[in-house]
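Down below is the structure, laid out as structure tokens.
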Amino acid sequence: MSKNISNLSGRIGLKNNLFQKISERSLKSKNDSGIKEIAEEYKMGVSTIHGAESFYEFLRPSHREKKAFVCNGSACMCAGTQETLKKKLKEKLGEDKVGEMFCLGHCYENHAFHYDGENYAGKDINQIDKIIKGENIKQDKYISKSFASTSFLMDDKLSNIDQVKNNLKKFLNTDKKEIVNSLLSSNLTGRGGAGFPTGMKWDFCSKAKSEKKYVVCNADEGDSGAFSDRYLLEDQPLKVLFGMIICGYVIGSNEGVLYIRGEYPKSIEAINGSINELKNAGLLGEKILGTNFSFDLNICIGQGAYICGEETALIASIEGRRAEVDVRPPFPVTEGLYKKPTVVNNVETLAAATGILLNGPDKFSAIGNKKSAGTKLVCLDSFFNNPGVYEIDMGTPMKKIFEEFGGGLKEDIKAFQIGGPLGGVVPATEIEKLNLDFQEFTAAGFMLGHASVVSIPKNFSMAEYIHHLFEFSTEESCGKCFPGRLGSYRGKEMFDQLKKGTSKIPIKLLNELLITMKKGCLCALCGAIPTPIMNILKYFGDEMKNDILKDN
Ligand SMILES: Cc1cc2nc3c(=O)[nH]c(=O)nc-3n(C[C@H](O)[C@H](O)[C@H](O)COP(=O)(O)O)c2cc1C
Ligand code: SF4
């Protein structure tokens with residue numbers, strides 16, 4: 001069934017993309033008008049269109065009735081800024097006009113909210129009258145700085161169209177194998193979480209036989225604490241787009257798409273602007289710079305579903321299906337978007353691929369080690385004296401990152417959630433034992449992931465934090481597999497009861513639930529959420545001892 005929908009959606013393709021059509025109709029109309037016409041155009045049943053539409057938070061009538069949305073991500077929650085913010089917005093806009101959104105990527109200043117298509121944070125709420133009137137206000141920016149021995153992601157080697165033109169001239173006339181070999185010898189691994197070697201991914205896809213192939217940039221960064229992809233999309237867009245163009249050249253694709261989350265309106269604007277600049281300069285389109293290579297880029301805007309960051313759900317979303325995870329294999333490199341061979345890469349991976357081509361693979365592989373090579377963007381939240389996004393050599397001690405680059409902490413912090421809601425909860429006492437290294441984090445029972453840091457202050461209840469994590473996986477899981485669907489719900493129920501004071505935590509049952517989810521889930525959303533919860537139970541058992549039901 002889903003194969004048919006992929007193929008039907010693929011007949012029309014990215015230029016008149018089904019998901020964008022479904023979203024636009026839904027955002028414009030309060031009733032069902034127009035659904036039948038879309039179904040007829042794509043030769044699908046009306047229920048298929050309804051089914052896809054009802055999956056997304058932003059397309060639900062209950063969401064569309066609201067005017068403002070406060071960020072309910074982990075960083076804003078730990079900073080404790082959101083209740084007062086919500087109250088102020090409700091006073092201005094009405095009790096039932098304020099909803100929630102999961103992580104707006106303003107973890108460095110908190111107080112984050114979304115109003116009328118724009119994000120605001122920090123002190124912006126003090127100018128709410130101007131915001132409501134539609135006036136532009138001056139907003140604070142975060143610190144972005146490279147501490148790396150060589151900067152691959154933050155330098156200005158690809159910050160204007162002339163630089164793109166000169167480098168395209170060079171690399172579109174370089175042997176494709178040579179480019180793949182550069183990536184392979186750089187030891188670049190995917191920055192989106194799974195850590196697959198990027199050169200190998202491009203190589204596999206280049207060898208797949210098909211007339212049509214796709215390059216997909218995964219810009220659905222939803223991890224609380226992370227704003228590094230947002231930095232690249234807004235401040236280094238040409239590096240990301242250059243990576244996509246070169247990937248297209250290497251694998252033999254003439255079309256790519258960036259799936260950008262709707263919570264990042266400025267990123268969408270920046271990428272749109274850069275695509276237009278490239279088109280106007282003849283650096284996208286037919287026979288680029290007189291070569292035989294043609295390539296075009298499209299944008300797909302997410303509609304508020306964290307699971308769309310998982311590559312098979314992301315593909316389903318672009319195709320206009322419900323964004324449910326698919327079983328792999330087949331992997332996208334052989335059967336991806338519209339069932340055609342596809343490279344799906346994270347924003348930072350694509351920018352790093354560009355940096356490697358511009359600076360040489362040896363400089364990248366010389367940093368860190370074979371499995372954790374090169375540089376990485378690290379995001380520090382508002383509890384640090386210098387919150388911001390930093391480019392840092394892999395292998396750097398975490399203590400140095402926190403104390404030297406981050407300037408130390410403003411208050412007593414007992415733990416850090418590193419790598420988003422699916423990453424580990426690292427007790428403050430363990431930080432000095434860790435370096436910025438994917439494998440080291442995993443070996444210690446944590447997960448580096450996208451390297452975002454959310455600080456959990458001393459007075460924040462760990463039972464409350466576990467409740468937040470279960471609530472997140474209950475809200476954001478796709479519902480495809482039952483260990484994930486039921487497990488998340490059951491876990492949340494246990495902590496709901498604890499909060500209400502109706503029951504303590506049956507620890508044996510909770511441990512069994514966590515192991516079942518870890519072992520039985522189809523993907524790492526509900527399958528990895530046990531990691532931070534187990535970390536908390538292991539390291540903060542003392543704090544939680546009164547919450548736990550003994551002898552069960
Ligand atoms: C629940 C879940 C959420 C994910 N979210 C993202 C995301 O926001 N961005 C991303 O690039 N990869 C995300 N991934 C990983 C992707 O599935 C995929 O591995 C990645 O986009 C591949 O690109 P890379 O090789 O450049 O890392 C997520 C995976 C899971 C299981
Ligand atoms: S683990 Fe959760 S998000 Fe992943 S497939 Fe299962 S229900 Fe969906």
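The values are calculated or read from the model by the stated rules, or taken from the named source; none is laboratory data. Values in this document were obtained by computation on a predicted structure and should not be read as measured data. Cβ atoms come from the backbone with ideal geometry, glycine included; neighbour counts cover every protein chain shown. Only protein heavy atoms, including side chains, enter the accessible area calculation; ligands, DNA and RNA are left aside. Shrake-Rupley method; radii C 1.70, N 1.55, O 1.52, S 1.80 Å.
Suppose the filter is open to solvent by 20 Å² or more (accessible area, probe 1.4 Å) and either near ligand 2 (Cβ under 10 Å from one of its atoms) or under 16 Å from PRO421 (Cα atoms) (or both); does PHE472 pass it? So PHE472 fails the test.
The residues of the range 241-273 that are open to solvent by 10 Å² or more (accessible area, probe 1.4 Å), within 29 Å of THR312 (Cβ to Cβ) and out of contact with any Cys (no Cβ under 8 Å at 6 or more places or on another chain), listed by number, are TYR249, GLY252, ASN254, GLU255, GLY262, PRO265, LYS266, ILE268, GLU269, ALA270, ASN272. Among the residues making up the range 141-176, those that are farther than 16 Å from LEU238 by Cβ, touching a strand residue (DSSP E or B) at 6+ places or on another chain (Cβ under 8 Å) and assigned to a loop (DSSP other than H, G, I, E, B) are TYR142, PHE147, ALA148, SER149, THR150. A Cβ distance below 7 Å, combined with a sequence gap of six or more or placement on separate chains, defines the contacts here; from the range 279-295, residues that are free of Cβ contacts under 8 Å to residues at least 12 places away in the same chain reach residues that are open to solvent by 30 Å² or more (accessible area, probe 1.4 Å) in the pairs GLY285/LYS279; GLY285/ASP296. Taking the criterion of being part of a loop (DSSP other than H, G, I, E, B), out of contact with any Leu (no Cβ under 8 Å at 6 or more places or on another chain), within 11 Å of ligand 1 (Cβ to nearest atom) and over 25 Å from VAL46 (Cα atoms), the residues of the range 304-358 that qualify are ARG328, PHE331, PRO332, VAL333.
Candidates are the residues of the range 182-200 that are part of a helix (DSSP H, G or I) and aliphatic (A, V, I, L, M); the one that is least open to solvent (accessible area, probe 1.4 Å) is LEU183.
If only residues of the range 512-533 that are touching a helix residue (DSSP H, G or I) at 6+ places or on another chain (Cβ under 6 Å) and in a loop (DSSP other than H, G, I, E, B) are counted, the one that is nearest to ligand 2 (Cβ to nearest atom) is CYS521.
Among the residues of the range 119-152, those identified as of a type in the set (D, E, K, R) and under 21 Å from PRO387 (Cβ atoms) are LYS123, ASP124, LYS138, ASP140, LYS141, LYS145. Checking the stated criteria, GLY256 turns out not to satisfy the condition of being more than 26 Å from THR198 (Cα to Cα) and under 25 Å from the mean Cα position of the chain (by Cα). For TYR231, the test of being among the aromatic types (Phe, Trp, Tyr), away from ligand 2 (no atom under 16 Å from the Cβ), touching a residue at least 24 places away in the same chain (Cβ under 8 Å) and over 26 Å from ILE143 (Cβ atoms) is failed. All of (1) closer than 27 Å to ALA323 by Cα; (2) within 24 Å of the chain's Cα centre (by Cα); (3) open to solvent by 20 Å² or more (accessible area, probe 1.4 Å) hold for SER62 with one exception: (2). Among the conditions (1) away from ligand 2 (no atom under 16 Å from the Cβ); (2) touching a residue at least 40 places away in the same chain (Cβ under 8 Å); (3) open to solvent by 10 Å² or more (accessible area, probe 1.4 Å), the only one that GLU311 does not satisfy is (1). Scan the range 27-34 and tell me whether some residue there is within 18 Å of GLY262 (Cβ to Cβ), over 25 Å from the mean Cα position of the chain (by Cα) and either at pLDDT 95 or above or in a helix (DSSP H, G or I) (or both). Yes; the residues of the range 27-34 include at least one that is within 18 Å of GLY262 (Cβ to Cβ), over 25 Å from the mean Cα position of the chain (by Cα) and either at pLDDT 95 or above or in a helix (DSSP H, G or I) (or both).
Look at GLY34 and say whether it is in contact with a Pro (Cβ under 9 Å, 6 or more places away or on another chain) and either of a type in the set (Gly, Ala, Ser) or open to solvent by 70 Å² or more (accessible area, probe 1.4 Å) (or both).
no
Among the numbered conditions (1) without any contact (Cβ under 8 Å) to a residue 60 or more places away in the chain; (2) open to solvent by 20 Å² or more (accessible area, probe 1.4 Å), the only one that ASN7 does not meet is (1).
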